[in-house]
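Chemist: Supplied in structure tokens, the structure appears directly below.
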Amino acid sequence: MYFTMPLLNRRAGDIDNVFTYLKWRGDLSFFEAAFNEGDSLILSLISYVEFDGIVPGVNSEESITIKEASERFLSVYKDADSLTLTSFMSKTIILLKEAAKTKRFGEIRIGKYVNQIDTRKDKQFSASTFRLDDDNIYVAYRGTDATMVGWKEDFNMSFLPEIPAQSEAVQYLEKAAGQNHSYIRLGGHSKGGNLAIYSGVRCSGEIRKRILSIHNFDGPGFTKDLLLCKEYREMLPRISNYLPQASIIGMLLEHAGERKIVRSNHFGGILQHDAFSWEVGPTGFSYLKELDKSSLLMEGIIKEWINKLDMQQREYFVDILFGVLADIGIEKVTDFPKISNARLRAFVKSIGSLPVETREVLAKTIKLFFDETRKAVRKEIQERLRPLGTEPKNDGN
């Protein structure tokens, strides 16, 4: 059975994560043990579950408990054959099931569910509102899902002042929070963290006053214009940015405020974006003092690369890249492992059929990325040699 995968069985090298946190704190209400960052991460991850037709929608005043949501979901999707999921998405379903069994989460009410995919607007947006037993609400924004639409929208952040999901996030918060006077917590993982911050900054002043905290779990950043605005600076003390020690996604674009570095049991790089690999104790995360050098190196490479492309070049590159992926039938991340030799040939053919000037833009952009990578790695090697008494060479790059 798909949903009874034994993730709770401990193995050598395992760390305490959100599942073990449920064992420690699951029998305590929020009055007995105050809401903390571990709770916030769990609700943010549960928001990835596709509750279409299960949780009441954004225009409804009805809500159901997490326990009811879990029971309804599992009654609709009874086995693996009915779903095509990444490993990360499957773990969110197991988390929902385990959280539903606990006193702490089982009776939390969830409502105002929304899930929008619009290929014409390059929009992927989803959010849910949770009401805790302390009568405060938690608005959780879903991160990028498995659709290419969602991934393209993320890339669009590099040149658009506001992506459609950010605009939707503000409207959603106004609707979800504007109909009551509860205090509000916002959170999200990946793009969801970006949306949580953006909505908290761009919402009305009356709602901003009621926001207790914003938790950004390894979400990408923003343009410098947003970081400099008055509302962002005012909200900054309530924003917490959490990154695994070898973060890549959370280092993209511009950030402000303290970075809290969380220990992950994945080897490094993009795999650490999986928040199920983060170490969670009874009262919150296990922290490290600093990011891995690999994360800082990648941050420098990507920023140098992006800064050398103007807005038009960035947009052109993104449109070409995702246009070619669409041509060969890649609609979801889960399609990549299924790429056949025929699709690979179609990919090459699709690239070859592009106009000459378009191929040149694509080639130059990719070459620029690898040039920046080469220079950054060379600089890193030179810096490591410096303490040994070897002065770095200046090769003009």
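Chemist: Any chance you could count how many residues in the range 290-324 are part of a helix (DSSP H, G or I) and of a type in the set (D, E, K, R)?
Modeler: Going through the range 290-324 one residue at a time, the tally reaches 7.
Chemist: Being out of contact with any helix residue (DSSP H, G or I) (no Cβ under 9 Å at 6 or more places or on another chain) and either buried (at least 21 other Cβ atoms within 10 Å of the Cβ) or in contact (Cβ under 8 Å) with a residue 40 or more places away in the chain (or both) is the filter here, so list the residues in the range 180-206 that pass it.
Modeler: 180, 182, 183
Chemist: Could you list all residues from the range 92-144 that are on the phi > 0 side of the Ramachandran plot and part of a strand (DSSP E or B)? Give the derivation first.
Modeler: Pass one, the range 92-144, residues on the phi > 0 side of the Ramachandran plot: 112, 122, 135.
Passing the criteria: only 112.
One line per residue, one yes/no per condition, for (1) in the same structural domain as residue 192 (by TED's automatic domain parsing); (2) buried (at least 21 other Cβ atoms within 10 Å of the Cβ); (3) closer than 21 Å to residue 170 by Cβ; (4) in contact (Cβ under 8 Å) with a residue 12 or more places away in the chain:
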position	(1), (2), (3), (4)
54	yes, no, no, yes
71	yes, no, no, yes
75	yes, no, no, no
90	yes, no, no, yes
100	yes, yes, no, yes
108	yes, yes, no, yes
112	yes, yes, yes, yes
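Chemist: Right, something else. Cβ-Cβ below 6 Å, separation at least six or inter-chain, first residue in the range 156-174 and among the aromatic types (Phe, Trp, Tyr), second modelled with pLDDT of 95 or more: which pairs?
Modeler: Partner pairs satisfying both residue conditions: 172/127.
Chemist: I've got another one for you. Any chance you could count how many residues in the range 225-240 are touching a residue at least 40 places away in the same chain (Cβ under 8 Å) and either surrounded by fewer than 21 Cβ atoms within 10 Å (Cβ to Cβ) or not aliphatic (A, V, I, L, M) (or both)?
Modeler: The number of residues fulfilling the criteria is 2.
Chemist: Would you be able to say whether some residue in the range 337-359 is within 26 Å of residue 246 (Cα to Cα), within 29 Å of the chain's Cα centre (by Cα) and either assigned by TED's automatic domain parsing to the domain that holds residue 259 or at pLDDT below 65 (or both)?
Modeler: The answer is yes, given that some residue of the range 337-359 is within 26 Å of residue 246 (Cα to Cα), within 29 Å of the chain's Cα centre (by Cα) and either assigned by TED's automatic domain parsing to the domain that holds residue 259 or at pLDDT below 65 (or both).
Every residue, every condition in (1) modelled with pLDDT of 95 or more; (2) closer than 25 Å to residue 239 by Cβ, yes or no:
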residue: 8; (1), (2): no, no
residue: 18; (1), (2): yes, yes
residue: 65; (1), (2): yes, no
residue: 80; (1), (2): no, no
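Chemist: Let me ask something else about it. Got a sec? Which of 253, 271, 243 is crowded, with 16+ Cβ neighbours inside 10 Å and out of contact with any Asp or Glu (no Cβ under 8 Å at 6 or more places or on another chain)? Break it down stepwise before answering.
Modeler: On the way: 271 fails: crowded, with 16+ Cβ neighbours inside 10 Å; 243 fails: out of contact with any Asp or Glu (no Cβ under 8 Å at 6 or more places or on another chain).
Going through 253, 271, 243 in turn, just one is crowded, with 16+ Cβ neighbours inside 10 Å and out of contact with any Asp or Glu (no Cβ under 8 Å at 6 or more places or on another chain): 253.
The values are calculated or read from the model by the stated rules, or taken from the named source; none is laboratory data. Quick caveat: nothing in here was measured; it's all calculated off a predicted structure. Glycine also receives a Cβ, built like all others from the backbone with ideal geometry; neighbour counts cover every protein chain displayed.
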